[in-house]
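Down below is the structure, laid out as structure tokens.
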Amino acid sequence: MILFFDFHVKDDPELVKEADRLGYAGLALFSNGNGNNSSGNGNKVEVASGETTNQENSTKKENPIKTYKGIFISAKNPESMRQKVKKSRKNADVIMVRGGDQKINRAACEDPQVDILSAPYLKRRDCGINHVMAKKAALNEVAVELNIKYLTKTNSYLHYKVLSHFREIIKLERKYGFPLIITSDAESIYDLHTPQDLIALSGCFGLDREEAEAALSETPQKIIERSETRDKVVVDGVKIIE
Amino acid sequence: MKLKILPPHLRNKKRYLAFEVRSQNPLTRDEVISLIWGAAGGLYGSCGVSGFDLWVVKVWKCNSSGQNITKGILRCRRGKVDRVRSVFPVINRFKGKRVVFHTLGVSGTIKSARRKFIKEGSQSLF
């Protein structure tokens with residue numbers, strides 16, 4: 001059986017319960033919502049992540065569903081993005097960087113500490129990444145997010161635009177092989193969908209069944225695997241084995 | 001005069017999708033139908049939807065613990081199940097209130113769809 005994960009969910013016990021009912025095996029919870037993280041000074045990030053650990057423990061007891069701690073970083077320039085990533089790397093299982101700005105998109109693709117580049121097409125007219133960034137993302141294993149809420153949030157007569165952005169990203173993914181991840185970005189139970197429905201929807205932007213399953217299941221598992229072994233890696237390619 | 005019924009090999013093969021709607025306001029059958037039709041038309045257009053043979057067979061109201069839950073069975077053509085399913089995540093609002101559709105399962109007959117996916121507690125039909 002395939003385990004499905006949703007790696008962009010607001011930190012809320014109700015959402016965890018609902019996701020469990022819908023058949024997810026794990027979630028990454030983000031306590032600082034989408035983009036609301038004002039320039040995010042260090043203290044704020046730490047406090048927010050501290051809350052997550054408490055709730056994480058409580059939800060673990062209630063549900064068999066696994067939860068991971070995520071930190072959402074929205075920065076104004078690449079420099080501050082790198083600093084914030086460095087600061088919060090140890091506190092988080094998953095680090096997601098808010099895309100949209102071309103320079104930040106590129107900096108996130110070039111940083112191996114970043115796990116997910118969230119919505120590089122945010123408020124843009126193009127898909128936000130090009131072949132150069134795609135190569136870097138593949139090298140550094142930075143996953144690019146396809147945000148389902150971004151699709152449903154846009155007016156229905158502009159759906160075609162979002163779908164074409166997704167298609168562009170998928171075209172690059174097929175060529176350069178960076179990881180792809182489909183997330184719901186859920187803030188309420190009305191944003192969550194069953195994994196099977198999402199797989200069916202991904203047919204709309206040209207992913208076939210295997211690719212969609214990989215985006216919902218393999219990529220998140222790899223991200224978690226990487227974050228678990230990250231402490232033991234000394235340099236690229238050298239790992240401490242006990 | 002009524003048309004003679006088609007021989008079985010010429011009839012369109014069907015599949016039945018059991019679905020569930022959670023909404024902030026209670027929905028009627030007509031509202032569920034208009035939501036599905038609107039979203040399907042928006043995503044695939046008249047050309048695509050004409051090949052789906054969509055039909056809402058029956059809708060049940062089964063509220064529990066303060067939540068408005070509506071369950072129903074949607075008929076579609078065999079082979080188009082994935083496309084019909086993909087319509088559900090696109091539906092998110094109705095008259096300014098939030099709604100969400102989930103697929104409960106796919107079945108070959110109405111009877112088994114009802115038995116497997118729509119539980120006994122949901123008797124109030126409308």
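The values are calculated or read from the model by the stated rules, or taken from the named source; none is laboratory data. Everything quoted here is computed from the prediction, not taken from an experiment. Quick reminder, even Gly has a Cβ in these numbers, built from the backbone with ideal geometry, and neighbours come from all protein chains shown.
Which one is surrounded by the most Cβ atoms within 10 Å (Cβ to Cβ), of the residues in region A:97-111 that are under 17 Å from A:K136 (Cβ atoms) and in contact with a Leu (Cβ under 8 Å, 6 or more places away or on another chain)? Explain how you work it out, then say what you get.
Step one: of region A:97-111, the residues under 17 Å from A:K136 (Cβ atoms) are A:97, A:99, A:101-111.
If we keep only those that are in contact with a Leu (Cβ under 8 Å, 6 or more places away or on another chain) as well, we get A:97, A:99, A:105, A:108-109.
Values: A:V97: 29, A:G99: 26, A:N105: 27, A:A108: 34, A:C109: 27.
Only one residue tops the list, namely A:A108.
Give me the pairs: first residue in region B:85-104 and under 18 Å from B:D30 (Cβ atoms), second residue among the small types (G, A, S) and part of a strand (DSSP E or B), beta-carbon distance under 8 Å, and six or more apart or on different chains, which are they?
From residues that are under 18 Å from B:D30 (Cβ atoms), the pairs are B:F94/B:S23; B:K97/B:S23; B:V99/B:S23.
Identify all residues within region B:50-68 that are within 14 Å of chain A (Cβ to nearest Cβ) and buried (at least 17 other Cβ atoms within 10 Å of the Cβ); write none if there are none. Show your work before the answer.
Residues of region B:50-68 within 14 Å of chain A (Cβ to nearest Cβ): B:52, B:64-68.
If the condition is that a residue be within 14 Å of chain A (Cβ to nearest Cβ) and buried (at least 17 other Cβ atoms within 10 Å of the Cβ), then B:F52, B:N68 are the ones that fit.
Just to verify a result, which residue in region A:196-207, among those that are of a type in the set (G, A, S) and surrounded by 19 or more Cβ atoms within 10 Å (Cβ to Cβ), is farthest from the other protein chains (Cβ to nearest Cβ)? Break it down stepwise before answering.
Step one: of region A:196-207, the residues of a type in the set (G, A, S) are A:200, A:202-203, A:206.
Still in the running and surrounded by 19 or more Cβ atoms within 10 Å (Cβ to Cβ): A:200, A:202.
On the way: A:A200: 4, A:S202: 8 Å.
This residue is A:S202.
If we scan region B:20-33, do we find a residue that is within 11 Å of the chain's Cα centre (by Cα) and farther than 22 Å from A:I148 by Cβ? It would help to see each step written out before you state the result.
Within region B:20-33, the subset within 11 Å of the chain's Cα centre (by Cα) is B:20-21, B:29, B:32-33.
Cutting the leftovers down to farther than 22 Å from A:I148 by Cβ gives us B:29, B:33.
So far as region B:20-33 goes, yes, one or more of its residues are within 11 Å of the chain's Cα centre (by Cα) and farther than 22 Å from A:I148 by Cβ.
Any residue in region B:52-72 that's at positive phi: show its pairings with residues that are outside any loop (DSSP other than H, G, I, E, B) at Cβ separation under 8 Å, as long as the two are six or more apart or on different chains.
B:D53/B:K14; B:D53/B:R75; B:D53/B:C76; B:D53/B:R77
If the requirement is being more than 16 Å from A:F7 (Cβ to Cβ) and modelled with pLDDT of 90 or more, which of these qualifies: A:I104, A:I73, A:I116? I'd like the intermediate steps shown before the answer.
Working: A:I73 fails: more than 16 Å from A:F7 (Cβ to Cβ); A:I116 fails: more than 16 Å from A:F7 (Cβ to Cβ).
When all the criteria are applied, what remains is A:I104.
For region B:109-121: of the residues being surrounded by fewer than 17 Cβ atoms within 10 Å (Cβ to Cβ) and either small (G, A, S) or part of a strand (DSSP E or B) (or both), which is farthest from the other protein chains (Cβ to nearest Cβ)?
We begin by selecting, within region B:109-121, every residue surrounded by fewer than 17 Cβ atoms within 10 Å (Cβ to Cβ); these are B:109-112, B:115-116, B:119-121.
Imposing the further condition that a residue be either small (G, A, S) or part of a strand (DSSP E or B) (or both) reduces the set to B:112, B:121.
Working: B:S112: 18, B:G121: 16 Å.
Among residues in region B:109-121 that are surrounded by fewer than 17 Cβ atoms within 10 Å (Cβ to Cβ) and either small (G, A, S) or part of a strand (DSSP E or B) (or both), the one farthest from the other protein chains (Cβ to nearest Cβ) is B:S112.
From the list A:K136, A:K149, which residue is basic (K, R), crowded, with 17+ Cβ neighbours inside 10 Å and either touching a strand residue (DSSP E or B) at 6+ places or on another chain (Cβ under 8 Å) or on the phi > 0 side of the Ramachandran plot (or both)? Steps first, please.
Numbers: A:K136 fails: either touching a strand residue (DSSP E or B) at 6+ places or on another chain (Cβ under 8 Å) or on the phi > 0 side of the Ramachandran plot (or both).
Answer to the selection: A:K149.
Only one of A:K149, A:K161 is within 30 Å of B:G96 (Cα to Cα), within 14 Å of chain B (Cβ to nearest Cβ) and without any contact (Cβ under 8 Å) to a residue 40 or more places away in the chain; which?
Values: A:K149 fails: without any contact (Cβ under 8 Å) to a residue 40 or more places away in the chain.
It is A:K161.
Could you list all residues from region A:123-133 that are at positive phi and free of Cβ contacts under 8 Å to residues at least 24 places away in the same chain? Explain how you work it out, then say what you get.
The initial filter retains those residues of region A:123-133 that are at positive phi, namely A:123, A:128.
The one that is at positive phi and free of Cβ contacts under 8 Å to residues at least 24 places away in the same chain: A:K123.
What about B:G45, is it out of contact with any helix residue (DSSP H, G or I) (no Cβ under 8 Å at 6 or more places or on another chain), under 28 Å from A:V162 (Cα atoms), touching a residue at least 40 places away in the same chain (Cβ under 8 Å) and exposed (fewer than 14 other Cβ atoms within 10 Å of the Cβ)? It would help to see each step written out before you state the result.
On the way: out of contact with any helix residue (DSSP H, G or I) (no Cβ under 8 Å at 6 or more places or on another chain): yes; under 28 Å from A:V162 (Cα atoms): yes; touching a residue at least 40 places away in the same chain (Cβ under 8 Å): no; exposed (fewer than 14 other Cβ atoms within 10 Å of the Cβ): yes.
For B:G45, the condition - out of contact with any helix residue (DSSP H, G or I) (no Cβ under 8 Å at 6 or more places or on another chain), under 28 Å from A:V162 (Cα atoms), touching a residue at least 40 places away in the same chain (Cβ under 8 Å) and exposed (fewer than 14 other Cβ atoms within 10 Å of the Cβ) - is not met.
Residue check: is B:G72 modelled with pLDDT of 90 or more, outside any loop (DSSP other than H, G, I, E, B) and away from chain A (no Cβ under 14 Å)?
Numbers: modelled with pLDDT of 90 or more: yes; outside any loop (DSSP other than H, G, I, E, B): yes; away from chain A (no Cβ under 14 Å): yes.
For B:G72, the condition - modelled with pLDDT of 90 or more, outside any loop (DSSP other than H, G, I, E, B) and away from chain A (no Cβ under 14 Å) - is met.
Which of the residues spanning region A:210-232 are in contact with a Gly (Cβ under 8 Å, 6 or more places away or on another chain) and within 14 Å of chain B (Cβ to nearest Cβ)?
A:A212
With A:N57, A:N91 as the choices, which residue is of a type outside the set (D, E), surrounded by fewer than 19 Cβ atoms within 10 Å (Cβ to Cβ), in contact with a Ser or Thr (Cβ under 7 Å, 6 or more places away or on another chain) and modelled with pLDDT under 90? Break it down stepwise before answering.
Working: A:N57 fails: in contact with a Ser or Thr (Cβ under 7 Å, 6 or more places away or on another chain).
Just one listed residue meets the conditions, A:N91.
Since A:H193 meets every condition but one in (1) within 11 Å of chain B (Cβ to nearest Cβ); (2) closer than 15 Å to A:A28 by Cβ; (3) in contact (Cβ under 8 Å) with a residue 40 or more places away in the chain, which condition does it not meet?
Among (1) within 11 Å of chain B (Cβ to nearest Cβ); (2) closer than 15 Å to A:A28 by Cβ; (3) in contact (Cβ under 8 Å) with a residue 40 or more places away in the chain, the lone unmet condition for A:H193 is (2).
Considering (1) under 16 Å from B:P89 (Cα atoms); (2) surrounded by fewer than 19 Cβ atoms within 10 Å (Cβ to Cβ); (3) aliphatic (A, V, I, L, M), say which one B:I36 fails and leave the rest.
Result: B:I36 passes all but (2).
Quick one: how many residues across region A:178-190 are of a type in the set (F, W, Y) and either crowded, with 22+ Cβ neighbours inside 10 Å or more than 7 Å from chain B (Cβ to nearest Cβ) (or both)?
So in region A:178-190, the residues of a type in the set (F, W, Y) come out as A:178, A:190.
Narrowing further to those that are either crowded, with 22+ Cβ neighbours inside 10 Å or more than 7 Å from chain B (Cβ to nearest Cβ) (or both): A:178.
Counting residues in region A:178-190 that are of a type in the set (F, W, Y) and either crowded, with 22+ Cβ neighbours inside 10 Å or more than 7 Å from chain B (Cβ to nearest Cβ) (or both) gives 1.
Being closer than 18 Å to A:E145 by Cβ and in a loop (DSSP other than H, G, I, E, B): is that true of A:A107 here? I'd like the intermediate steps shown before the answer.
Values: closer than 18 Å to A:E145 by Cβ: yes; in a loop (DSSP other than H, G, I, E, B): no.
It is false that A:A107 is closer than 18 Å to A:E145 by Cβ and in a loop (DSSP other than H, G, I, E, B).
Within region B:82-108, restricting attention to residues that are assigned to a loop (DSSP other than H, G, I, E, B) and within 7 Å of chain A (Cβ to nearest Cβ), which residue is farthest from B:Y16 (Cα to Cα)? Write out each step before concluding.
As a first pass, look at region B:82-108 and keep what is assigned to a loop (DSSP other than H, G, I, E, B): B:86-87, B:91-92, B:95-96, B:108.
Still in the running and within 7 Å of chain A (Cβ to nearest Cβ): B:86, B:92.
Details: B:S86: 15, B:N92: 22 Å.
Among residues in region B:82-108 that are assigned to a loop (DSSP other than H, G, I, E, B) and within 7 Å of chain A (Cβ to nearest Cβ), the one farthest from B:Y16 (Cα to Cα) is B:N92.
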